[in-house]
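Shown next, in structure tokens, is the structure this report addresses.
Just so you know, all these numbers are worked out from the coordinates, no wet-lab data involved. Just so you know, these numbers come straight off a predicted model, no measurement behind them. Glycine also receives a Cβ, built like all others from the backbone with ideal geometry; neighbour counts cover every protein chain displayed.
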Protein chains: 2
Amino acid sequence: MCILGQSVLLMHSSLLAYASRYIDLTQEEAEYFVSLFRHRKLLKRQFLLQAGDICRYETFVVNGCLRAYFVEPSGSFHIVQFAVEDWWTSDLNSFWNQTPAILNIDALEPTDVLQIEKENLDRLYKEIPKTERMFRMMLTKAFIAHQQRIIDNLCKPAMERYLAFLEKYPNISQRVPQAQIASYLGMTPEFLSQIRRNLMR
Amino acid sequence: MCILGQSVLLMHSSLLAYASRYIDLTQEEAEYFVSLFRHRKLLKRQFLLQAGDICRYETFVVNGCLRAYFVEPSGSFHIVQFAVEDWWTSDLNSFWNQTPAILNIDALEPTDVLQIEKENLDRLYKEIPKTERMFRMMLTKAFIAHQQRIIDNLCKPAMERYLAFLEKYPNISQRVPQAQIASYLGMTPEFLSQIRRNLMR
DNA sequence: CGCGACGTTGATTTGCCTCAACGATTGTGG
DNA sequence: CCACAATCGTTGAGGCAAATCAACGTCGCG
């Protein structure tokens with residue numbers, strides 16, 4: 001155990017615990033699996049990815065909190081995703097095609113992540129095919145969540161979207177600033193504040 | 001070749017052509033692959049899935065056009081997806097968990113589809129593992145498209161969303177009624193009409 | 001022909017944004 | 001340990017994009 005914080009071993013066990021929800025790995029497979037990831041520590045506000053760069057890694061969050069956001073030419077920005085413990089994040093389009101990213105990803109808290117390169121991920125699929133199943137399942141869940149979000153954005157007014165967010169992500173709503181949540185929900189911080197006032201009664 | 005329309009053989013070749021974009025199948029594998037699908041013909045306005053039912057199939061569109069939409073308690077509805085030739089559709093959440101669907105799917109035109117049951121899909125993954133790769137890749141692309149749609153909905157005004165839609169789906173915008181497109185884009189038909197008038201100059 | 005589906009137009013309303021100013025809290029350097 | 005800046009949330013006035021409601025025109029079709 002490392003004095004300076006959680007050891008890499010503990011990081012790995014966090015990732016393996018996650019994987020075990022989807023697939024069973026032998027001791028040997030598990031070791032190979034985690035060996036393809038590299039650990040990285042982020043300070044608050046440090047970037048994991050900047051728009052324009054190529055997204056080289058798929059990222060697993062061990063602890064802390066990241067945000068992925070899109071910056072418009074006008075300068076305003078919109079949060080696409082929060083990622084806390086046990087979440088994955090990346091600019092999937094950039095990662096998949098190895099093209100410049102349109103998303104920025106940075107840390108809202110000091111954060112530990114494990115990252116895997118595209119090459120290694122392809123290698124992993126090849127060496128341990130059932131890992132491909134895991135990623136397919138993860139993607140399925142993420143896709144469903146995105147679809148639900150599209151539906152909500154289409155038909156729910158601001159207050160309902162906020163209430164749904166509170167219910168769905170209680171662990172996120174308690175740790176990230178309200179302005180960030182407003183951005184995620186597609187409204188201004190001022191308006192979210194007004195909504196909260198109305199909810200007080 | 002069947003007198004009453006495209007033969008099942010041609011349907012299958014359409015599906016195999018699609019699959020070949022992602023993976024290579026031997027003759028034998030290809031035959032097994034398509035044998036797991038059943039063909040179905042839909043009349044205009046016929047339902048493929050109704051909310052509340054369990055979504056038993058993943059559906060590949062051979063020709064025609066489907067829409068997947070969500071109906072609110074108030075009665076208003078929102079189109080989540082159009083599916084034309086070479087697209088897949090389902091209520092993925094319902095299919096995945098075998099829980100009641102929240103989406104309705106029906107035909108905007110007479111439509112031919114090929115459907116695979118969950119059991120057979122799982123069997124397919126097992127017998128021909130590379131098919132799992134294909135579905136993972138399809139999902140990745142769909143996920144990316146959904147993410148882009150979320151971004152667009154968050155930051156683009158109605159007119160830009162409409163223009164982006166025209167550019168992205170020219171083959172859809174020419175065949176489905178404008179009111180349907182308005183629903184997909186999250187605006188009223190009246191407002192879309194106004195936008196089109198403004199674009200006339 | 002007459003009905004239903006579809007698109008258009010205009011008047012009015014409203015949900016949400018913009019802009020600007022003002023507390024409260026945090027944190028950081030002197 | 002204090003002072004000051006930065007961050008964060010709140011409040012209010014005014015404006016705009018888009019919804020609502022209602023009426024009307026135009027097809028295609030039974």
So if I restrict to the alpha-carbon atoms in the protein assembly as shown, what is the Rg, and what is Dmax, the biggest pairwise distance, in Å? 22.5, 77
Report the FRET efficiency, 1/(1 + (r/R0)^6), for B:Tyr169 and B:Val71, where r is their Cβ-Cβ distance and R0 is 25 Å, rounded to 0.05. 0.65
What ranking do B:Ser74, A:Ser20 get, fewest neighbouring Cβ atoms within 10 angstrom at the top? B:Ser74, A:Ser20
Extension reserve of the B:Arg45-B:Ser13 stretch, reckoned as 0.36 nm per residue once the Cα distance is removed: 8.9 nm
Note to self, chain A gives a 222 nm [θ] from helices alone (DSSP H runs n ≥ 4, -39500 (n - 2.57) apiece, / all residues, nearest 500) of -14500 deg cm²/dmol
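List A:Thr26, B:Thr111, A:Thr188 from most exposed to least, where exposure is judged by having the fewest other Cβ atoms within 10 Å.
Details: A:Thr26 9, B:Thr111 24, A:Thr188 13.
Neighbour counts put them in this order, fewest first: A:Thr26, A:Thr188, B:Thr111.
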Grab the other residues whose beta carbon is less than 13 angstrom from that of B:Glu72, score K and R as +1, D and E as -1, and report the net. -1
Please order A:Met159, B:Met11 by the number of other Cβ within 10 Å, starting at the fewest. A:Met159, B:Met11
Reciprocal of mean inverse Cα separation for chain A (Kirkwood radius, Å): 18.3
Applying 1/(1 + (r/R0)^6) with R0 = 35 Å to the Cβ-Cβ distance of B:Arg123 and A:Asp86, what FRET efficiency is obtained, to the nearest 0.05? 0.70
Assigning unit charges at the beta carbon (Lys, Arg +1; Asp, Glu -1) and nothing else, what dipole magnitude in debye, to the nearest 20, does chain A show about its Cα centre? 640
Residues of A:65-78, mean number of Cβ from any other protein chain within 10 Å of their own Cβ, rounded to a whole number? 2
If you take every residue apart from B:Glu190 with its C-beta less than 14 Å away from the C-beta of B:Glu190, what net charge results, scoring Lys and Arg +1 and Asp and Glu -1? +2
Apply the membrane-span-like helix rule to chain B: whole DSSP H runs, Cα extent along the own long axis of at least 30 Å, mean Kyte-Doolittle hydropathy at least -0.5. List the helices found. B:130-155
Given backbone amide H placed at 1.01 Å from N, residues whose amide H is under 5 Å from that of A:Val80, ignoring those fewer than 5 places away on the same chain, are A:Ala68, A:Tyr69, A:Phe70
Under a cut-off of 26 Å between alpha-carbon atoms, report the lysines in cross-link reach of B:Lys156, not counting same-chain residues fewer than 8 places apart. A:Lys156, A:Lys168, B:Lys141, B:Lys168
Residue-count net charge about B:Ser173 - beta-carbon cut-off 14 Å; Lys, Arg +1, Asp, Glu -1: +4
Once the in-chain neighbours fewer than 8 apart are removed, the aspartates and glutamates whose Cα is under 19 Å from A:Lys118 read A:Glu29, A:Glu31, A:Asp53, A:Glu58, A:Asp91, A:Glu127, A:Glu132, B:Glu132
How big is the gap, in Å, between the Cα center of the stretch B:66-130 and the Cα center of the stretch A:123-144? 21
